[in-house]
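To start, the structure itself, in structure tokens.
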Amino acid sequence: MIKITFPDGSVREYEQGVNGLTIAESISPALARDVIACGVNGEIVELNRPIVEDSKVQLYKWEDEEGKHAFWHTSAHLLAEALQELYPGIQFGFGPAIDNGFFYDVLLKDGESIKEADFPKIEAKMKELAGKKEPVVRKEVAKADALKQFAADGQTYKCEHIEQDLEDGTITTYTQGAFTDLCKGPHLLNTGAIKAIKLTSVAGAFWRGDASREQMQRLYGISFPKKKMLDEYLVMLEEAKKRDHRKIGKEMELFMFSEKVGKGLPIWLPKGTELRLRLQDHLRKVQKRFGYQEVITPHIGSKNLYVTSGHYAHYGKDSFQPIHTPEEGEEYMLKPMNCPHHCEIFAWKPRSYKDLPLRIAEFGTVYRYEQSGELHGLTRVRSFTQDDAHLFCRPDQVKQEFLNVMDIINIVLKAFGFNFEAQISLRDPNDTEKYVGSDEDWARSEAAIVEACKEKGLNAKIEYGEAAFYGPKLDFMIKDAIGRRWQLGTIQVDYNLPKRFKLEYTDEDNTKKTPVMIHRAPFGSMERFVAVLIEHTSGHFPLWLTPDQVAILPISEKYNDYAAKVAKYFDSVGVRAVIDSRNEKIGRKVRDNELKRIPYMLIVGEKEQADGTVAVRPQGGGEQSIMTMEDFAKKINDEVKEMTKEF
């Protein structure tokens, strides 16, 4: 018999070799119907995988991210199986589950391509195969046998993957029907649970993300266990299109992109710059209360700086190539991270234990070479600004500093009406070689995060393998107005970078000690945060934040002077107003300013000019009223004061 420990701490005994499905059946028939995958000591496996020793077990349903991952992973294989039948000679690349569905990279023979018009026949074939309830069979294979099998099938890319990335003892295949794929899993027991399927898009993708290699086609899709879920998802997609930050950002004149400037390099227009600076000022006020000092560091740094930090080894392939100086023979890089620069600030002069904690903040712009096919508006760019800060502290200060950062993030996110979830990202216990630092340091830093969350009463989900290479982290996820999850703020505990930079302070006993470093970014990046905020609010920003609070609309050119007088008064009392003085009908002006999401429109004409009033029209219609300039300005400022009193 073996002991199975459940998430609530309860323990049951089962015969050795029991599997997740049998365990679910022993609890309730309803659970057995709903369960999709099984977690065994942190590893997600199929429900029929034998458990041979005492283990911690968790059963995952569709509602769980782990359940969705297994469901969509099998759906990716189902897509490949359908393509194999429809397009003989097709080559397969990689086909993983992703945050929202799955994709598969493929290359058709003879220069053929898959178009969106082909989606219905592919979906029909997938549904046909799913209806057969084909078992998904896992098999461990030797490297030589795997190479032989996939070479016989003519799968060039699979063979390259086996030769370059896989070793004996690590190779598993999964077979359903006539399709076999290299895969670690996990998967569903059979394809029958996949009831609703939708292919969503097709894009280009270079093999292995290498622009010098062949360009494949990447087919994206999503699937569900019920058709109703797909219908709801499609409604959400339509709503998401209306909220697309790229569309709204253009209508509101917030930001732009230029092919001449370069792909993935956003340009902030005047109104977007106002918005961004106001966000930064909001955070500045909060962090000043917590003792932060702001710095500015260069946009480039010596390559050796990032070699020392370890970023070059871990992110070099995702960075822009080094800049060579022909005369001195030096190499510089566009800054991929701010933290190495901040380490050098700490090292600039001797530090005492009395100087700690030292809290250094920067709105620092960094650069990453994202593949062009991955770029997407402000959410995936090559240049972005992090609201970065690094706290250097003594080991006994780590927990309190971490708690303080949690308070900052709570204040910042609550200002926008966001409710957040938290995720503790720890290193993968089965693959520790990809992380730097000692086991002792990792244990201390992971414990600090877990304890801080308990102290705050924050029910954070633990994810293994999601830590940064230098330390564990606490990530904050928000749900937007239509239910999508976004990762925004983050806090990371780092014992390793200070050691790599040989940072030290003089302790109370006059010995040299190494500080602990906490990385922190409440917004995450200004670009991504603004994109999420646009899509969450549909561009209807809080009154305190929006670039223009008021649009003044003269009925005709005769009243432009009065409009200017109103605007000048508003400016004197801190109300942000813009005048639409175009020679257009008032209806057109109202429609155009509605698109710009300006909270209030003030219509002025002969009567308003004579009485010193404004006709107030709220965004989206609503009850209209006549007010004096002074009363309306007080109304705006009172609303802003009420909104911002908590921060």
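The values are calculated or read from the model by the stated rules, or taken from the named source; none is laboratory data. What you see is a predicted model; the values in this text were computed from it and never measured. Note: ideal-geometry Cβ built from the backbone for every residue, glycine included; neighbour counts use all protein chains shown. These accessible areas exclude ligands, DNA and RNA; they are computed on the full protein's heavy atoms, side chains included. Shrake-Rupley method; radii C 1.70, N 1.55, O 1.52, S 1.80 Å.
What the table below lists for this structure:
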quantity: Cβ charges +1 (Lys, Arg) and -1 (Asp, Glu), total dipole of region 1-92, debye; calculated: 60 debye
quantity: In nm, spacing of pseudo-spin labels at V573 and L265 (7 Å Cα→C-beta vector); calculated: 4.5 nm
quantity: Distant-in-sequence amide H partners of G364 (H built 1.01 Å from N, under 5 Å); calculated: Q386, D388
quantity: Percentage relative contact order, region 578-639, counting C-alpha pairs under 8 Å, at least six apart; calculated: 22 percent
quantity: Of K434/K473; K109/K132; K125/K198, pairs whose Cα-Cα distance is over 23 Å; calculated: K109/K132
quantity: Inter-label distance, nm, simple model (7 Å from Cα along the C-beta direction), E606/K132; calculated: 8.0 nm
quantity: Förster radius 35 Å - calculated FRET efficiency between K454 and R284 (Cβ-Cβ, nearest 0.05); calculated: 0.70
quantity: Rounded accessible area per residue of the chain, 1.4 Å, Å²; calculated: 48 Å²
quantity: Residue-span extension gain [D428 to I98] - 0.36 nm each, minus C-alpha spacing; calculated: 116.9 nm
quantity: Region 237-305: trypsin sites (Lys or Arg not before Pro) in DSSP loop, at most 15 other beta carbons within 10 Å; calculated: K260, K263
quantity: Under the span-like rule (Cα at least 27 Å along the axis, Kyte-Doolittle mean at least -0.5), DSSP H helices of the chain; calculated: 65-86
quantity: Under 22 Å from the Cα of K349 - lysines, other chains or at least 8 residues apart; calculated: K499, K502, K512, K513
quantity: Within the accessible area of the chain (1.4 Å probe), percent carbon and sulfur; calculated: 49 percent
quantity: Calculated volume of the Cα convex hull per residue in Å³ (choose from [x] 163; [y] 176; [z] 214), label; calculated: [z]
quantity: Potential extension, R484-E15 segment - 0.36 nm per residue separation minus Cα distance; calculated: 164.7 nm
quantity: Histogram of C-alpha separations across region 371-415, 5 Å bin width, %; calculated: 5, 15, 17, 14, 14, 13, 12, 8, 2, 0
quantity: Where labels lie 7 Å past Cα in the beta-carbon direction, separation of D231 and K61 in nm; calculated: 2.2 nm
quantity: Highest to lowest packing among 321-333, 37-49, scored as the average C-beta count within 10 Å; calculated: 37-49, 321-333
quantity: For the chain, calculated [θ]222 nm from helices alone, where every DSSP H run of n ≥ 4 adds -39500 (n - 2.57); calculated: -11000 deg cm²/dmol
quantity: For K303, net neighbour charge (Lys/Arg +1, Asp/Glu -1) across residues whose Cβ lies under 9 Å away; calculated: -2
quantity: Distance from region 362-399 to region 440-511 (C-alpha centre basis), Å; calculated: 15 Å
